[in-house]
Amino acid sequence: MTISDLFDENYWTSRYHLNQTGWDVGEATNPIKQYLDQIANKDVKILIPGAGNAYEAAYAYKKGFKNVHVLDISSLPLEKFAASHPDFPSGQLLHENFFEHKGQYDLIIEQTFFCALNPSLRKNYAIKMAQLLKPKGELRGVLFNVDFGKSGPPFGGDKGEYQKCFEPELRVLKMEKCYNSIKERAGAELFFKAVKG
C-alpha cells in the first residue's frame, strides 16, 4: 500500500461533491487569522497543504501575503478557489499529493490537513514537513485535541502523541489549548509551533 492509496484524490473529490466537509467552518479560523495578523514580514513564503477551500489562504492574501501557495490532492476545491478569487496567482494553486511536492518554505500552515491523514502517515508527515521547510522555517497551526477513535477521517490525538510524532524531525516549541477556537471547537484544539533546526 502506498501513501496515495489511503485517501486518494477520488476519495476527497467525492467528499466535496457529497458536501461531506464537516471540517469546513466556512471561513478562516480564529487561531490562524490571529496568528497571521501578528506577522510583520509579508514576504515570507507560505504553504498551506491539504487546504481544501483555502479560507486561510484568501485571508492571508488579502492581508498582503503575496507568496502564499495552496496545495490540495483534489482539483475541485482549487478550481472553486480560483473562480472565487480571480486575483490570486494561478501558479500558486498546486494540484498535487503533499508527499510528492517539492519546494522550500519559510512557513507552513496546518489547518485540518494532519487530522485528515491516516495515523500511519504521521511520521511521514513530519519527515516531509522538515524537507519542505527552510532552515529555521516554522510549521504553525491547529491540531484536534480529541480522540476520535479509529474511524476517520478526521483522526485525532493528544499533545504527547503529537510531540512524539513531530520529533526529532521538528522541534516543538509550543503546543497548548487554543483560547480563541470557534464555539463548536472550544477545548478541542491545540495551537502549536514547530521549527526546523
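Being closer than 19 Å to residue 113 by Cβ and either at pLDDT below 95 or of a type in the set (A, V, I, L, M, F, W, C) (or both) is the filter here; which residues of region 168-183 pass it? Quick ask: steps written out before the conclusion?
Just the residues of region 168-183 that are closer than 19 Å to residue 113 by Cβ, to begin with: 169-170, 172, 174-175, 178, 181-182.
Within region 168-183, 170, 172, 175, 178, 181, 182 qualify.
Based on what the data block shows, is residue 139 aliphatic (A, V, I, L, M), modelled with pLDDT of 95 or more, surrounded by 14 or more Cβ atoms within 10 Å (Cβ to Cβ) and within 16 Å of the chain's Cα centre (by Cα)?
On the way: aliphatic (A, V, I, L, M): yes; modelled with pLDDT of 95 or more: yes; surrounded by 14 or more Cβ atoms within 10 Å (Cβ to Cβ): yes; within 16 Å of the chain's Cα centre (by Cα): yes.
Considered against the rule, which asks whether it is aliphatic (A, V, I, L, M), modelled with pLDDT of 95 or more, surrounded by 14 or more Cβ atoms within 10 Å (Cβ to Cβ) and within 16 Å of the chain's Cα centre (by Cα), residue 139 comes out as yes.
Against the definition (among the acidic types (Asp, Glu), assigned to a strand (DSSP E or B) and surrounded by fewer than 14 Cβ atoms within 10 Å (Cβ to Cβ)), how does residue 184 come out, yes or no? So residue 184 does not fit the description; no. Of everything in region 74-95 that is in contact with a strand residue (DSSP E or B) (Cβ under 6 Å, 6 or more places away or on another chain) and either among the polar types (S, T, N, Q) or closer than 29 Å to residue 157 by Cβ (or both), the residue that is surrounded by the most Cβ atoms within 10 Å (Cβ to Cβ) is 78.
Quick test for you: out of 113, 99, pick the one residue that is out of contact with any strand residue (DSSP E or B) (no Cβ under 9 Å at 6 or more places or on another chain) and in contact (Cβ under 8 Å) with a residue 60 or more places away in the chain. Step through it out loud before you land on a result.
Values: 113 fails: out of contact with any strand residue (DSSP E or B) (no Cβ under 9 Å at 6 or more places or on another chain).
Unique residue meeting the criteria: 99.
Results for (1) hydrophobic (A, V, I, L, M, F, W, C); (2) within 25 Å of residue 9 (Cα to Cα); (3) touching a residue at least 24 places away in the same chain (Cβ under 8 Å); (4) assigned to a helix (DSSP H, G or I), shown as yes or no for each residue.
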| position | (1), (2), (3), (4) |
| --- | --- |
| 40 | yes, no, no, no |
| 43 | no, no, yes, no |
| 51 | yes, yes, yes, no |
| 64 | no, no, no, no |
| 83 | yes, yes, no, yes |
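Within region 155-175, does at least one residue satisfy the condition of being assigned to a strand (DSSP E or B) and closer than 22 Å to residue 53 by Cα? No, there is no match, as no residue in region 155-175 is assigned to a strand (DSSP E or B) and closer than 22 Å to residue 53 by Cα.
When each of 41, 10, 53 is tested for being modelled with pLDDT under 95, polar (S, T, N, Q) and farther than 24 Å from residue 144 by Cβ, the lone residue that passes is 10.
Identify the residue in region 150-188 that is in contact (Cβ under 8 Å) with a residue 40 or more places away in the chain and touching a Lys or Arg at 6+ places or on another chain (Cβ under 7 Å) and, among all such residues, is farthest from residue 15 (Cα to Cα). Checking each candidate, the answer is 170.
The values are calculated or read from the model by the stated rules, or taken from the named source; none is laboratory data. Every value quoted in this text rests on a predicted model; they were computed, and no experiment measured them. When we count neighbours, we look across all protein chains shown, and the Cβ atoms used for this are built from the backbone with ideal geometry, even at glycine.
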